[in-house]
Amino acid sequence: MNLGNLLRHVSLKHIRLQRAQLFIAISGICLGVAAMGSVDIVNKSVIHSFEDSINHVTGRAALQITEGESGFSEKILELVQNVPGVEYAVPVIETNANFSGGSERSLMILGIDVLQDHKIRDYSITDETADIPDPLLFLAKADSILLTRAMAEREGIKMDQEIRLQTVLGIKTFRVRGLLDPEGPAKVAGGDIAVMDIYATQMVFGKEDRIDRIDVSFLPGEALDTMKERIQHVLPEGYTVDTPAARTRQVEVLLDRFRKSMGLISLMAVFVGMYLIYNAVSISVVQRRKEIGILRALGVQRSEIIRLFLGETLVVSVIGSLLGLGLGFVFAKLTIGVVTQSITDMYLKTSVGDLAFSWMDVARDAGVGILASLAAAVLPAVSSARITPISAIRAMPYSEDGILLGTKIKVASALCIFLSALVFAAYKTADVSSFVRSSATMFASVILLMLGVSLFTPVFLKWSTTFFLRYLSPRLGVGGRLAGMSLQKGISRNAVAVAAIFFSISLFVSSANVVNTLRNSLFDWLDSIVRADILVSSGHPLATGGSPFIPMPLEMLKELEEIPGVLSAEPYRKAYLSYKGRKILVDVFDVGLRMEYCPGMFAEGTREDVVRLVPGRNNIFVNEGLAARYGIKLGDSLFFPTPNGPVRFGVAAIAVSYSSDSGVVGMDINTYRQHWHDSLVDVYELRVKPGEDISRVRAAILEKMGKERKLFALDAAEFKEEVKKMLNRSFVVTNAVNIITLLIAGFGIVITLLASVLERTREIGVLRSIGMKRAQVLSVIIIESALLGAAGGLLGSTTGLLVGWLELEAFFRSDFGASITYQIHYASVAWAILLSVGFSALAGFYPARRAAKTNIVEALSYE
Amino acid sequence: MSRFSILGCRLRISDERRHIPTWSVVLLILLLSVTSVHAMSGREVYEKLHEVAKKTLDHKMDVSMTLFDKGGGTRNRSLVAYAKRGDGEAYKVLVLFNTPPDLKDVGFLVHARTFADRDLWAYFPEFKKIRRIPTSSQDDSFFGTDFSYDDFGGPANLDDYSFKILKEEVLDGKPCFVVEVTPKIHRKFTRYVSWVAKDLWIHLKIEYYQEKELYREGEFTEVRMVDDIPTAFKGLMANRKTGHKTEFTLEDVQYHTSFPDDLFTQRSLERAGK
């Protein structure tokens, strides 16, 4: 008898009869594969889009020269142009602006030397393909701007039309003097890009004589490394000469955080799927015992029985994986916006149009789904082969409890948990640069822990039911006792349902506690550093949806201080530096003034040290994450590249800061201006005089200064509330996956209990016949399901707390520092258990109704 | 070799000693006539053209331009161009725009050491910056017109081109050499065909080709003599690809001017030539 015949004539019948079970099993695998697939798709799409943007913007440039965030003198251009082997060296400014009014859409402004830029990039303003009626006028007027056709159509803008954009120097009027076809840079960022002549950009955006970058192409035959060396040789120290691809590598570092968080969720989802498969196959084995016995009696070999169940699992898993791949696209669509916003904020306006994927990733994700399912089905498939024909045909009792409660499983459980601890210890003690210190290692530790605990569920369930029977069931009457006894009889089957709940609850609890820890830590920190009453910026401080900050000039400080009711105004600038290949954040502010009323939080050193050592001197403080990553201690020296060459900065303190997971440096604003010649401000933090009405002062600010530029004057208390909401929003996807996982696990309980009710049909018939009421039957099943939920909930909550701690240790503490202490959210633990019990009880309602409606006569004759 | 020298060869015809058929004599005369048409080579035509062009290197011209876009819209400009001849092939040109107001005092400066070695700068008053125009941009539009920088920048270096006379033709009542000019260096056009008026040695018409496609054509009319120098007072250049065309009119022309060297400096450009 071949497998194909068995599948066709035996399996198909059961598939038709057990649609619900099948649906649940498929859903489990589908979700796991969907989570993995979405991570890969988002990753690939963002990288692809960013690379595309880079390529279109950089064109034929083989090398790019940059220096910090605030740009550098255009005089450097001549040095580069004179390097032997350089074909073209063209200056570039990249900055952002927002439409003032209307959609307030943000756009990237590319400032280029329009007379020569076409040598590097694929377009020319003098080319016939560009629609620029008067190139001379475009060059001659500082308000000239070229838009892409796509953007012009979107915004309803025509040629020669005036538009108003929010810039560093306030709201400025521009005239559209040309439209670009979608080629070269005009393809970047979904067409949200505008081109201006470089001198016009400098003038309008307050760049003075600075440029952001020089793009360089070589003469034919020149080698990249040689040219890099030649160019580096003529440049002052502090300038970076690198290929355009290097910027993509920096983005990959940023995406790493996303991959880590979603990776853990995918893992959990796959585990849930595996347990559901295990559950489904186990129940199927039990329900088809007689059939298996008959098949064996007819000569079907044990191996063929195993192959039958594995074959069924293969079909189910293939369907589940394929559906999961499709669902993965949906998840990717939901999360892509959040990720691309981070890239835009830090690097370059990026807009992902079409989602990108690789067939390799697709095959791998589907493969994982299928292999995980087969792995989950192996044990019950093997056990099905042990069913002897005689026991099956005579309907003799069969239980896998012996296996699952056996020593081997207990040893395996303990071993997995021990290995998990070992792997974690290895991770913590490994050097930062070692391959052991990677997310893969931490995932392995978490997997081993989850596996170990899940293997422990039969034992835990047995203990729980024993405890229940001894101490709690007497209070619940006959129903309680029967429920407990019933659970004890089907430990293996029930343990699988418990394991599914366990996974879901541990995911829920770990997420809740990590979020709680991050939220509380962030809030404590925010409270310590944001003591202002009003925050003034040109973009909403927590803008999402592509509306970045447009910096403001420092000259506004005096005007703000003159507004009635304002006690003091303090400028804050957010800059980025390259340090050892990573972009680190530099928090720039008036340290002396800030420390007067902000306590700050310091892990090493004190506020007094900072006040004494930092203002006006080449001293800084760093955050714990940066200190931990590079082994920085108090008193160490760090060298940062500046436009005038590298400068030594002394470390005066190590602070608690969650501004960036790449590392944070705190610097006094005068020191920063001295070295980087950057007098722009991102946020003004205002304190209001005692007794003054904050909203009145806000109104006065907008009245006085809101005409020349779009301003936001946010109440600092509202700002902190917005941060909380933003943090909550950032976990929406995680919460969604948690809920779905819980739902699927809940369905697992339904299936488990339905199978149990079916098996106990005769037993229920007997109980009914001796006088048990329908309501009592109902209560037995409900109590059973509640007990399953309680067991899963307790186990899941405990493990979830541990997993949350592991996640914090591995993924957050290393980035943000030791001060981020794990804070248990007891309410979420209690909720988790209640949810688990309640949801399980609800899940048991349908099987309970089925059991209660059992016809006594039919039940007694059931076989 | 001139036609007359060929025909100066004496032919001996003797019925007694040798019979040379009449038809062969006629054929010989015809052959000589045909070859004598290309007594001048294409290069020689352009050498003549250059001689005339060199005479114009000291000048002041007031020019008005009208730019026509493909939709029929027009933009008017006026400018003044100063030029000064230097030693050998050297020359300098200063162009300053007068109108429209948005373009007032926008300027253009050329310093040519030889015909092939030129530096170009542009000045935009709003930015108060002098900008170097890269040499390779000389085929690009001259400030939004259909003329290229080369068209206004002065005569090209003859060694960078090869010349071939295609035919002779009468255009606007003037006999012309039709010369095909092919660049030896990379240019935006693959060749151009020019109608050079004989005896005047100026362009009357010019057609630019990219491969086989005619993409730009110009006509120069109202030719008048100014100080014995033939000058086309009207010109029209049309770009077939974009549907755009530019018409210029010389309002006033002065040759043999003698401007000081400091007029042709970047400082002068910034001072708008004042």
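Tabulated results
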{"item": "So A:VAL90, is it of a type outside the set (Ser, Thr, Tyr), out of contact with any Cys (no Cβ under 6 Å at 6 or more places or on another chain) and not in a strand (DSSP E or B)", "result": "no"}
{"item": "Scan of region A:43-87 for residues that are charged (D, E, K, R), modelled with pLDDT of 85 or more and either touching a Cys at 6+ places or on another chain (Cβ under 6 Å) or within 18 Å of A:THR240 (Cα to Cα) (or both), ordered by number", "result": "A:GLU74, A:LYS75, A:GLU78"}
{"item": "Residue satisfying condition, being under 30 Å from A:THR95 (Cα atoms), modelled with pLDDT under 80 and open to solvent by 40 Å² or more (accessible area, probe 1.4 Å), within set A:GLY353, A:GLY402", "result": "A:GLY353"}
{"item": "Qualifying residue in region A:514-528 (condition: buried (at least 24 other Cβ atoms within 10 Å of the Cβ) and within 22 Å of A:SER840 (Cα to Cα))", "result": "no"}
{"item": "Strands (runs of 3 or more DSSP E) within region B:71-130 that include 2 or more residues open to solvent by 30 Å² or more (accessible area, probe 1.4 Å) and more than 14 Å from chain A (Cβ to nearest Cβ)", "result": "B:74-85"}
{"item": "Qualifying residue in region A:688-703 (condition: within 35 Å of the chain's Cα centre (by Cα), β-branched (Val, Ile, Thr) and at pLDDT 90 or above)", "result": "no"}
{"item": "Residues of region B:225-274 that turn out to be basic (Lys, Arg) and under 30 Å from B:GLU213 (Cα atoms), as a count", "result": "4"}
{"item": "Residue check, A:GLY793 buried (at least 22 other Cβ atoms within 10 Å of the Cβ), modelled with pLDDT of 80 or more, under 30 Å from A:LEU518 (Cβ atoms) and not β-branched (Val, Ile, Thr)", "result": "yes"}
{"item": "Output for region A:642-664, where each listed residue is under 8 Å from A:ASN623 (Cβ atoms) and either assigned to a strand (DSSP E or B) or touching a His at 6+ places or on another chain (Cβ under 8 Å) (or both)", "result": "A:ILE654, A:ALA655, A:VAL664"}
{"item": "Considering residues of region A:419-436 that are open to solvent by less than 60 Å² (accessible area, probe 1.4 Å) and touching a residue at least 60 places away in the same chain (Cβ under 8 Å) only, the residue farthest from A:SER510 (Cα to Cα)", "result": "A:TYR427"}
{"item": "Flag for A:SER342 being in a helix (DSSP H, G or I), buried (at least 16 other Cβ atoms within 10 Å of the Cβ) and modelled with pLDDT of 85 or more", "result": "no"}
{"item": "Residue in region A:775-788 that is among the charged types (D, E, K, R), open to solvent by 10 Å² or more (accessible area, probe 1.4 Å), in a helix (DSSP H, G or I) and over 30 Å from A:ARG437 (Cβ atoms) present", "result": "no"}
{"item": "Enumeration of residues in region A:459-482 that are touching a Lys or Arg at 6+ places or on another chain (Cβ under 9 Å) and surrounded by 21 or more Cβ atoms within 10 Å (Cβ to Cβ)", "result": "A:SER473"}
{"item": "Subset of region A:99-108 that is within 29 Å of the chain's Cα centre (by Cα) and not charged (D, E, K, R) - its residue that is farthest from A:ARG213 (Cα to Cα)", "result": "A:SER103"}
{"item": "From A:ILE632, A:ILE584, residue being in a loop (DSSP other than H, G, I, E, B) and in contact with a strand residue (DSSP E or B) (Cβ under 7 Å, 6 or more places away or on another chain)", "result": "A:ILE632"}
{"item": "A:ASP160 modelled with pLDDT under 80, over 34 Å from the mean Cα position of the chain (by Cα), open to solvent by 30 Å² or more (accessible area, probe 1.4 Å) and more than 8 Å from chain B (Cβ to nearest Cβ)", "result": "no"}
{"item": "Some residue of region A:606-616 being among the polar types (S, T, N, Q) and either open to solvent by less than 40 Å² (accessible area, probe 1.4 Å) or within 31 Å of the chain's Cα centre (by Cα) (or both)", "result": "no"}
{"item": "Boolean, A:ARG594 is modelled with pLDDT of 85 or more, in contact with a strand residue (DSSP E or B) (Cβ under 7 Å, 6 or more places away or on another chain) and part of a strand (DSSP E or B)", "result": "no"}
{"item": "Test: A:PHE639 is surrounded by fewer than 17 Cβ atoms within 10 Å (Cβ to Cβ) and part of a strand (DSSP E or B)", "result": "yes"}
{"item": "Top-ranked residue of region A:92-113 - restricted to ones that are open to solvent by 10 Å² or more (accessible area, probe 1.4 Å) and over 19 Å from A:GLU162 (Cα atoms), ranked as nearest to the other protein chains (Cβ to nearest Cβ)", "result": "A:ASP113"}
{"item": "Qualifying residue in region A:521-531 (condition: over 30 Å from A:PHE205 (Cβ atoms), touching a strand residue (DSSP E or B) at 6+ places or on another chain (Cβ under 9 Å) and modelled with pLDDT of 85 or more)", "result": "no"}
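The values are calculated or read from the model by the stated rules, or taken from the named source; none is laboratory data. Being a predicted model, the structure only gives us computed values, none of them experimental. Glycine also receives a Cβ, built like all others from the backbone with ideal geometry; neighbour counts cover every protein chain displayed. To get the accessible areas, we keep the full protein, side chains included, count just its heavy atoms, and leave off ligands, DNA and RNA. Shrake-Rupley method; radii C 1.70, N 1.55, O 1.52, S 1.80 Å.
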